[in-house]
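Step one of this worksheet: look at the structure below.
Values in this text are rule-based calculations from the coordinates and carry no lab data. Just so you know, these numbers come straight off a predicted model, no measurement behind them. Virtual Cβ from ideal backbone geometry, glycine too; neighbours counted across all protein chains shown.
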Ligand code: ADP
């Protein structure tokens, strides 16, 4: 798409001609469209749980509910509120990534220690769902943002737990890749991602199927946070998944 930058200027001395300045705005338009879509999605995603909360609260307030149903309604309000909190947290993380982190100074981050820290934070959730978590591999240092790397590992492990069955396993591995790159991978033996969705799971608000994601407490933003975080570190992402067998997502950091 081109935008006209100046009115045509007619040149008529020795040669006849017209000068027109055009600016290629294809990328700018795509970015604007994405921003509009994101805002529309955010509004919808925020409105749905708020409407439920408001509806349940109204019923409770009017006394239109039997005493024995009160705990069930309260539970729903609590769950929807928790969902809203997760959503707002994810949106804040994404917008911080969009603007670039407050400081783009990179520090030396020991990946294995960080992965162990993240995994221990997820221990309780994993235990409740009967999923075991492990970290293996070398202690390798990556130059980057500790906070963003933490969010990336957290989201990958959280997905490994969410899209899994009791008795499942999630493992984080840190290894040296070809020609000195560092590879952090998170592998699970969960439900897997269908082939036709694999190229879309890193998009904002994309969910393989809304019901399976919503029931598991997803916001549809986890992997787009991973994607933006990888871009910040100049890292590449590799997704390998087989439906019913499991998923492995690798973050390949460039050679130092
Ligand atoms: P959500 O918050 O819904 O989990 P994500 O952006 O993290 O959103 O992931 C997008 C979609 O990709 C999810 O809704 C889920 O269907 C699928 N997905 C992500 N990770 C996994 C995984 N490890 N196993 C199976 N499906 C996954």
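Of note:
- Elements of the type strands (runs of 3 or more DSSP E) sitting completely within region 152-256 and holding at least 1 residues that are within 9 Å of the ligand (Cβ to nearest atom), over 25 Å from residue 121 (Cα atoms) and out of contact with any helix residue (DSSP H, G or I) (no Cβ under 6 Å at 6 or more places or on another chain): these cover 236-242.
- Residue ID - nearest to the ligand (Cβ to nearest atom), chosen from residues in region 120-141 that are surrounded by 14 or more Cβ atoms within 10 Å (Cβ to Cβ) and over 21 Å from the mean Cα position of the chain (by Cα): 131
- Unique residue being in contact (Cβ under 8 Å) with a residue 60 or more places away in the chain, closer than 30 Å to residue 59 by Cα and part of a helix (DSSP H, G or I) when the list is 97, 87: 87
- Number of the exception - residue 147 against (1) over 17 Å from residue 170 (Cα atoms); (2) outside any helix (DSSP H, G or I): (2)
- Close pairs (6 angstrom Cβ cut-off, 6 or more residues apart or separate chains): touching a residue at least 40 places away in the same chain (Cβ under 8 Å) and farther than 12 Å from residue 233 by Cβ in region 140-166, part of a strand (DSSP E or B) and near the ligand (Cβ under 9 Å from one of its atoms) anywhere: 156/186; 156/249; 160/170; 160/186; 160/188
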